[in-house]
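The values are calculated or read from the model by the stated rules, or taken from the named source; none is laboratory data. Please read all numbers here as calculations on a predicted model, not as lab measurements. Counting neighbours? That spans all protein chains shown, and the Cβs are built from the backbone with ideal geometry, glycine included.
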Amino acid sequence: MPKAVKFSIFDHELVPQHILLSREEAEEVLKTYRIKPYQLPYIKESDPAVRAIGAKPGDVVKIVRKSPTAGIAIAYRYVVEG
């Protein structure tokens with residue numbers, strides 16, 4: 001029987017960095033943009049990156065991507081069931 005190979009999906013060059021925000025950090029982001037959590041784009045809890053960082057429905061995830069034009073692009077996602 002073959003051994004299970006464990007690896008981090010974040011080691012792949014096309015997977016951006018995902019950061020689970022604390023409640024305080026999430027509140028600060030929502031306050032800065034004057035929005036409610038449900039107004040953020042959704043990301044499912046079954047997403048491999050979300051599962052890897054241990055986010056649960058109701059959490060806010062910060063996604064940091066490398067951008068050829070902007071240098072770094074930051075996006076926020078609201079974790080939902082699914």
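The criterion of at least 2 residues that are among the β-branched types (Val, Ile, Thr) and without any contact (Cβ under 8 Å) to a residue 40 or more places away in the chain is met, among strands (runs of 3 or more DSSP E) falling completely within the stretch 11-82, by 71-80.
Among the criteria (1) loosely packed, with under 13 Cβ neighbours inside 10 Å; (2) in contact with a Lys or Arg (Cβ under 9 Å, 6 or more places away or on another chain); (3) among the aliphatic types (A, V, I, L, M), the one Ile63 does not fulfil is (1). Exactly one residue out of Ile53, Ile43 is of a type in the set (A, V, I, L, M, F, W, C) and closer than 15 Å to Gly82 by Cβ: that is Ile43. Going through (1) surrounded by 13 or more Cβ atoms within 10 Å (Cβ to Cβ); (2) modelled with pLDDT of 95 or more one by one, Pro16 falls short only on (2). Checking each residue in the stretch 51-66 for being at pLDDT below 95 and touching a Phe, Trp or Tyr at 6+ places or on another chain (Cβ under 8 Å) picks out only Ala52.
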